[in-house]
Structures are given as C-alpha cells and as structure tokens.
Amino acid sequence: MPPVKDDLIREINCLDINLTEKSPAKGTALVDVRACNKPATKVWFRGVRSSKFRHVYGVPFKRERCYDNIKITRNAHDSNFCAVNPKFVAIVTEVAGGGAFLVLPLDHTGRLDFNASRVTGHKGPVLDIKWNPFNDNIIASCSDDCTVKLWHIPDGGLSMHLTDWLVELHGHKRRVAYIEWHPTAENILLSAGFDYLIFVWDVGKGEAVKVIDCHSDVIYCMSFNRDGSLLATTCKDKKLRVIEPRRGIVLSEGPCHSGTKAAKCAFLAGGRVLTTGFSRHSDRQYALWDQHALHAPLALDTIDSSSGVVFPYYDHDTNMVYLAGKGDGNIRYYEVVDEPPYIHFLNQFLSGNPQRGLGFMPKRGVSTAQCEVFRFYKLHTSRGLCEPISMIVPRKSDCFQEDLYPDTAAPQPALSARDWLSGVNAPPLLISMKTGVTISTHKPRTNKDAPALQPQDANNRKKFAFLSRETTPDYRPLATCDNRYNNKQLNQVQVTEKCQKTSANQNTKFHQLQRMFGKQTGETEPVPLYKQINQGDVFNTEHELRLAFNRQGEELRIVKRQLQNSQQRVRELEQHIASLQARLQHET
C-alpha cells in the first residue's frame, strides 16, 4: 500500500469523534475532533433539511415575452415602481413636468410604442402604485403633489392618455411616499407621507376616517398582517412598531436595525415580522421579530455588504420569503418555519442585470401547469425593459400539485369598510387554485346584523354614487302627442299606449332622483361606478345590468373623445397643408 494511504488511514484512526452534543440549530451536529498530537477543534456540520422548496429555481422569460422600450423612472425613492395583477402590469415612467405611469395588458408584450397612452393626472412624480386586490381594473397612486388618486383602467387597456381620476384624496401636507390596500376590507386604503402621518382612507366616501400620528420621523414601510387587524411600520428613527390601525395605538415598539439607511418590513404568519436593513457598519441584514416582544429579534443574520435597500416579498401560501436588493442582480429566497432558527436559506436567482424595482403577481395569476409558485416583474436599470421571472418547483408530473397550491386569497372582500371600522376582523376569503371556486372562511354578516345607517351618511353615499355615474343621453324621437297636450279637454281624451310610453320616458329622470335621494327603508347602499363587474356578459341582477350599462357609457365617451381628437388633428393637418401651399405659391 502506498505511504500516502497509510498516513491517511493512521490519521483517521487517531480521530475521536464525539457526536453526543447538539447545537441549538436543529439538524446541526457539533463534532469534537481530537487529532494525534493536535489541540481539539470544533467543526460545525449542517445537515440537509427536507423541504419541497429546496430546489426552487428562477426562469426569466424570453425577450419577445418581455416589455421593451419603456422609459422607466429614475427617481431615487425607495419603492418598487411596478404593480401587477392578472390583467395588467403598471410601471412608473419618466415624464417631464409631471408624474405618469404606464398600464399595459399582460399579453401586450414586445417593443412598446413611443407614444403609448399613460396615466398622466398627477402634477408631481409618482412615488408608489398599488392595484386594488378586489378589483383588477382599479389602481391607486400617490405622488409628490401630496395627493392620492384612484383610476379606472378599462379591460382592453388605455387608448389615450388618462387624466380623469375616480377619487382624489387630499390630506397630506407633504409628499405621499407609500400606499397600501387593506387585505380583507373593501375600500380601505392607507397612505404614508413625509409629514410623518398615516392616513386611513375610506375611498367609497372619499374621506379620511383615521389619522395615525405616532411616528417621529419619515416612515419607510408599511405592512398588514393576514387579516388586516395589525400594521407593522419601520421608521427613520430606527424603530419597528406594531400598530392597531383603527385606533392608531402602538401595541409594541422596539429598536430595529441600527443602520442609517431605509429598513423594510413584512408581516409573516404566526404573529412574526421580518425586517431588512443595515447594521452600524453598513452591512445588509435581515431579522425576525415576535410582534409581542420587539426588544430582541428571534433571528438575525447578515446578508452581504452591498449598499442597495433590500425589499422583502412574502408568500403566505408557501411560507417563503424573497429578498431582492435595489441595484442587485440576484434574488435570494428563504423558507420560514416555526422552530429555531426559523429562517432557512434555500438558494438564489443570479442575473448580470441589476434591477431598479420589482413587481410581483398575486398567487391567483401564476401558472399551475408549470409548477410556478411566484412571479416577479423586474425593471432593468440600464435599459427600458420589464422582464418577468418565474420561480418554479421542479416536478415530473403534469398534474395539479395540491401541496404546492393551497387555497389562496380570493379577489373578493371579506368585510365591508363599515364593518372593519366598527372593530370586526375576518380572515380573507379563499379561492381554490384548481377549480377557481371561492371558499367562504366565515359566516357573512346579514343586513340585520349590520348597524343602521345614519340618514345623513346614507344620503351622502347616494349622492356620491349618483354623481360618479355617467349620464347617457336618450336620442330616441319623442312621440307626436303635442296636439293632445294642447287640447283644453285633455282629461276627456283617452291616452293611447304610445303617449303612456312617452310620458314614462319623460318621468324617468325624476323617478331616478326620487329613488336615489328619497328616504326608503330596507334598501341597500348604492355601489359607486368604479366597482365594475367581471362576470362577462351574463347578468343575474338589475344592479349588474346597471353597472354594465354605465361601463358602456364610459366607453362611448372615450370613443367620442378619440373622434374629437382625430377631427382636431385632421383640421390641424389641413391648415398646415394650406399654409405650406400658400408659402409655395408665394415663393414661386
């Protein structure tokens, strides 16, 4: 036997391996190695965890399935600048003299037209955008002009620049930095501004119902828990707070990351909060906290020494956390468990192109046929490209994987704004990823259980619903019954059926006003115009038919505007041609 092998065998025989001690981390063995004529050393051996997400990998879409030629904003604000839902992708763009963002249907991929239609109603740069979780056609935006606005996007996308908003919310004295929709209650929106205030808005009324004034400096991030009963915030004063948003009371408060740069947070399941920030030596960190004890973290680890702000993205269905830094080219992902060390690193998606922002698709929009568990929409910094990235679990079978896709949050509210403001909490309604059927997780409240509306409040709601509805003119010819009305003996003449129809048409608007503003008992609250239905062309109730009629009226109004713009453009071209012809004749 060669002498090298003899030395190796002799070295192995001299080792005394003691496996009796266990480290605090689960699955990690502390090995005491005593070599011949050498001092004892301690080596940590980490065992392999069993997890179905251990081999998750990222797949970027091909270039023809990306969104190209987009003037992505270069604002230095710490925001994602991108919002996605199963219908549209919205991207904040760079526009001189104001704020704008682009809205594209998901299937409108490829190179974008330079003159593509945008939402251009803000007077300052747009800082944050978020889609309504219960209506894929409604998007909220906040801006440097101290306002928050809601917009309605038609199903086919924008055909012209959109400047007419649905609701405009005034209240902040300085620019509005972040907005967040309530996860279970309808029409509840939160906004955080540089005036250190958080406004709780009821967008159905168009007014603020609560102002949270408990921060002493600029707010960096907001995050709701699963049922929306608690709110976690990070602030420039280096503190993490858990707030009860309806009363504005701080339930717990503690020191967060000691660095001076922005810290972000995400509310996890089981009453835990994940934060990302910087240490006093400018190392990037992530920490896990218990919402009831914020004096010390449950887990704390250093990521790297880069300078970009790290954004956390949490998936409630898989208990996975994705960490993506601004200016980085990689996305790290972890699995969260209930036992120490709580957070386990899985892998990372590597890319040579840094990201300016990331949007993510709600779970009901991912592809179950490809075992896709998450999808990012990456905004490139060096070129105007929005690139989708799919996070996929490798599986051999083409069948539906029930363990990967539990029931997820449905696009339907579990509570009304009035119920939530009165103190009611409810988990989100769930929808099956296999069948698409909504599953109710609690007993719905009936009209008898709901508190009675105040007369003035109900009247204001009706006025708001009536004024926000499009008026459609009636161009049908009136019946020729003037001779009957001019007759002095009108009471003695028998009114024909045509005159009855004409009289009914003339009294329609009066009857609408009487029904809208009259004090009638037992009637439900009217629904504003922006709550469009998504059930297709099949209408089950008169209310749905009215909503579809209003939407058609809005589309007709858009077509009329396009026609007017085209006619104006034709007239301008004709005048230009005439001036050129006159100049040509003058020169000759």
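Summary of computed values
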| read-out | value |
| --- | --- |
| Extended-chain gain in nm, criterion 0.36 nm per residue less alpha-carbon gap, ASP107 and GLU253 | 48.1 nm |
| Where chymotrypsin sites (Phe, Trp or Tyr not before Pro) fall in DSSP loop in the stretch 60-156, at most 16 other Cβ within 10 Å | PHE114 |
| Inter-label distance, nm, simple model (7 Å from Cα along the C-beta direction), VAL211/SER279 | 4.1 nm |
| Förster-model FRET efficiency, 56 Å R0, SER51 and GLN552, C-beta, rounded to 0.05 | 0.65 |
| FRET efficiency estimate (nearest 0.05) - Cβ-Cβ, VAL218 to VAL437, R0 41 angstrom | 0.40 |
| Out-of-range pairs (alpha-carbon distance over 32 Å; input LYS363/LYS396; LYS149/LYS363; LYS210/LYS560) | LYS210/LYS560 |
| Signed unit charges on C-beta, dipole axis of the stretch 102-228, positive-most listed residue ILE138, THR163, HIS108 | THR163 |
| SER422 paired with THR163, simple spin-label distance in nm, labels 7 Å along Cα-to-beta-carbon | 4.3 nm |
| Rg over Rh [alpha-carbon atoms, Kirkwood Rh] for the stretch 96-199 | 0.98 |
| Neighbourhood net charge (13 Å Cβ-Cβ; Lys/Arg +1, Asp/Glu -1) for GLN564 | +4 |
| Cut-off under 5 Å, modelled amide H: who pairs with ASP304 long-range | ARG284 |
| Extended-chain gain in nm, criterion 0.36 nm per residue less alpha-carbon gap, HIS344 and GLN567 | 74.0 nm |
| Accessible area expressed per residue, the stretch 245-356, with surrounding protein chains retained (probe 1.4 Å, Å²) | 40 Å² |
| Extension gain (nm, one decimal) between SER117 and HIS543, 0.36 nm per residue minus Cα-Cα | 150.2 nm |
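The values are calculated or read from the model by the stated rules, or taken from the named source; none is laboratory data. If you're wondering where the values come from, they're calculated on a predicted model, not measured in any experiment. Cβ: placed from backbone, ideal geometry, glycine included. Neighbour counts: every protein chain shown. Please note that ligands, DNA and RNA were not included when accessible areas were found on the heavy atoms of the full protein model with its side chains. Shrake-Rupley method; radii C 1.70, N 1.55, O 1.52, S 1.80 Å.
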